[in-house]
Amino acid sequence: MFKIKELGRTYIIKPVALLLSKIGVKPMVITLLSLLLAIIAFFFYRSGHFLTGAVFLVLSGLFDAFDGEVARLTGRVSQIGGFIDSTIDRISEFFIFFGLFLFYRGTMPWVLPWIFTAFFGSIMVSYTRARGEGLGISPQIGIFERFFRFCLLTIGSFLGHYIMSYVLILLTFGTLLTMIRRIFYIHKASGRN
């Protein structure tokens with residue numbers, strides 16, 4: 001997964017970010033565009049148009065990657081920028097899961113607890129990393145980071161709402177396992193018994 005991420009960064013993210021930086025687009029504008037695209041995806045997921053929702057989900061993820069790269073290229077990296085970017089990421093995820101929740105509420109209600117727990121797990125994966133880094137420990141373990149979660153959601157979207165219901169179950173177990181592994185990793189790395 002790391003190699004795919006690096007290939008994407010080298011051949012897609014960096015060239016587009018370079019273009020955006022040359023034409024003077026600010027990282028904050030790109031971050032807000034990422035959120036807007038996630039909100040558009042929300043409307044498509046809510047109405048059951050999963051393929052179109054996936055397109056906007058992918059675009060949202062790409063713009064989320066562009067903002068950090070543009071910030072590095074233009075020397076605009078800042079703590080507040082990182083904070084806003086992370087916060088927008090969580091809001092974007094909320095809109096995606098909320099769109100799925102509203103769709104499945106009327107079609108397959110048994111999926112609703114899985115959506116709720118998948119969203120909880122997704123938030124906790126990010127939270128445990130942020131809190132660990134706040135302690136000076138970088139718990140980048142477990143594959144269910146945001147990139148992988150978005151890949152799974154995209155694949156599920158292309159395969160249809162029935163398969164997506166099982167993708168959400170996978171996301172639940174994967175994110176909760178990653179959260180637990182990070183908690184133990186941080187506990188061990190902190191030197192506490």
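The values are calculated or read from the model by the stated rules, or taken from the named source; none is laboratory data. Nothing here was measured: the structure is a model prediction, and the numbers come from that model. When we count neighbours, we look across all protein chains shown, and the Cβ atoms used for this are built from the backbone with ideal geometry, even at glycine.
Worth a mention:
- Residue count for region 30-54, restricted to those that are under 19 Å from Asp89 (Cβ atoms) and either over 18 Å from the mean Cα position of the chain (by Cα) or hydroxyl-bearing (Ser, Thr, Tyr) (or both): 3.
- Of the residues Ala38, Ala17, the single one that is of a type in the set (A, V, I, L, M), buried (at least 18 other Cβ atoms within 10 Å of the Cβ) and modelled with pLDDT of 90 or more is Ala38.
- Yes/no for Ile91 being of a type in the set (A, V, I, L, M) and surrounded by fewer than 18 Cβ atoms within 10 Å (Cβ to Cβ): yes
- Candidates Thr107, Thr128, Thr117, Thr175 - the one that is hydroxyl-bearing (Ser, Thr, Tyr), buried (at least 19 other Cβ atoms within 10 Å of the Cβ) and within 22 Å of Leu57 (Cα to Cα): Thr175
- Here region 85-111 is the region considered, the condition is being over 30 Å from Phe66 (Cα atoms) and among the aliphatic types (A, V, I, L, M), and the residue that is farthest from the chain's Cα centre (by Cα) is Met108.
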